[in-house]
1. Restricting to segment 80-99, name every residue that is more than 23 Å from residue 20 (Cβ to Cβ) and either in contact with a strand residue (DSSP E or B) (Cβ under 7 Å, 6 or more places away or on another chain) or of a type in the set (Val, Ile, Thr) (or both).
2. Quick check on segment 149-192: of everything there that is in a loop (DSSP other than H, G, I, E, B) and touching a Leu at 6+ places or on another chain (Cβ under 7 Å), which residue is nearest to residue 63 (Cα to Cα)?
3. Which numbered condition trips up residue 14, out of (1) in contact (Cβ under 8 Å) with a residue 40 or more places away in the chain; (2) closer than 27 Å to residue 152 by Cα; (3) buried (at least 18 other Cβ atoms within 10 Å of the Cβ)?
4. What pairs come up if the first residue lies in segment 35-63 and is within 21 Å of residue 25 (Cα to Cα), the second is acidic (Asp, Glu), and their beta carbons are under 7 Å apart, counting only those six or more places apart or on different chains?
5. Taking segment 102-143 only, how many residues are part of a loop (DSSP other than H, G, I, E, B) and either at pLDDT 95 or above or small (Gly, Ala, Ser) (or both)?
6. When you look at residue 83, is it surrounded by 19 or more Cβ atoms within 10 Å (Cβ to Cβ) and farther than 25 Å from residue 39 by Cα, yes or no?
7. Tally up the residues in segment 115-134 that are of a type in the set (D, E, K, R) and more than 13 Å from residue 28 (Cα to Cα), please.
8. Of the conditions (1) part of a loop (DSSP other than H, G, I, E, B); (2) hydroxyl-bearing (Ser, Thr, Tyr); (3) at pLDDT 95 or above, residue 52 satisfies every one except a single condition; which number is it?
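The values are calculated or read from the model by the stated rules, or taken from the named source; none is laboratory data. Just so it is clear, the model here is predicted, and its values are computed rather than measured. A quick note on method: Cβ atoms are made from the backbone with ideal geometry, for glycine too, and the neighbour counts reach across all protein chains shown.
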Amino acid sequence: MRIDDEFDENGRYTYADYLKWEGPQRYQLFNGEAFQMASPSVIHQGILMELSIQFGSWLRGKPCQVFASPLDVRLFPKEDNSDDTVLQPDLLVVCDKNKIVKGSVNGAPDLIIEIMSPSNTRRELFLKFQYYLEAGVREYWVIEPEEKKVQVHIYERGRYISAIYKDSAHISVSVLPGLEIALDDIWARIVS
């Protein structure tokens with residue numbers, strides 16, 4: 001949902017503007033356009049918790065770090081905060097500690113996972129896919145709980161190679177060799 005244009009008559013914002021906003025609502029910036037984020041559902045949060053546990057346990061003692069939203073990801077950061085794309089993926093893994101700063105992740109994470117909700121639009125999915133590809137996110141997952149399906153996109157030579165996993169499949173995490181996620185564990189978190 002787009003925020004009211006009371007902040008800027010043109011409805012275009014930068015990260016500098018974004019930092020001034022107060023209140024409990026969360027927003028994402030898509031090329032300067034602000035979109036309010038809906039509260040996550042119980043299903044969404046259950047899946048996110050399961051993924052956080054699995055990735056966090058596996059990464060303990062390793063150089064990469066896992067983060068769950070809310071956390072700002074500035075894919076194309078600028079020193080003066082004039083960048084206009086700020087996203088909050090559901091889960092991300094960052095292996096370059098230089099990208100982790102006090103208030104955000106600056107630059108492309110190695111892995112991003114988005115969990116779909118009814119409030120997600122096709123436009124939002126399309127834009128995120130394009131941003132993640134342009135930024136060089138090495139692995140990008142889209143989890144569709146209702147269909148019990150995961151789309152996995154692996155960055156290779158400037159494009160994504162995609163695969164779909166369903167039901168009881170196991171996904172080998174490309175950017176973290178040796179880690180495998182069993183979808184049955186994810187779907188077990190779905191509350192009827």
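1. We begin by selecting, within segment 80-99, every residue more than 23 Å from residue 20 (Cβ to Cβ); these are 90-99.
Listed by number, the residues that qualify are 90, 91, 92, 93, 94, 99.
2. First pass over segment 149-192, keeping only residues in a loop (DSSP other than H, G, I, E, B): 157-158, 167-169, 173-179, 188-192.
If we keep only those that are touching a Leu at 6+ places or on another chain (Cβ under 7 Å) as well, we get 167-169, 173, 175.
On the way: 167: 31, 168: 30, 169: 27, 173: 16, 175: 13 Å.
That would be 175.
3. Of everything listed in (1) in contact (Cβ under 8 Å) with a residue 40 or more places away in the chain; (2) closer than 27 Å to residue 152 by Cα; (3) buried (at least 18 other Cβ atoms within 10 Å of the Cβ), residue 14 misses just condition (2).
4. 48/90
5. 10
6. Working: surrounded by 19 or more Cβ atoms within 10 Å (Cβ to Cβ): yes; farther than 25 Å from residue 39 by Cα: yes.
Spelling it out, residue 83 is indeed surrounded by 19 or more Cβ atoms within 10 Å (Cβ to Cβ) and farther than 25 Å from residue 39 by Cα.
7. 3
8. Answer for residue 52: the failing condition is (1).
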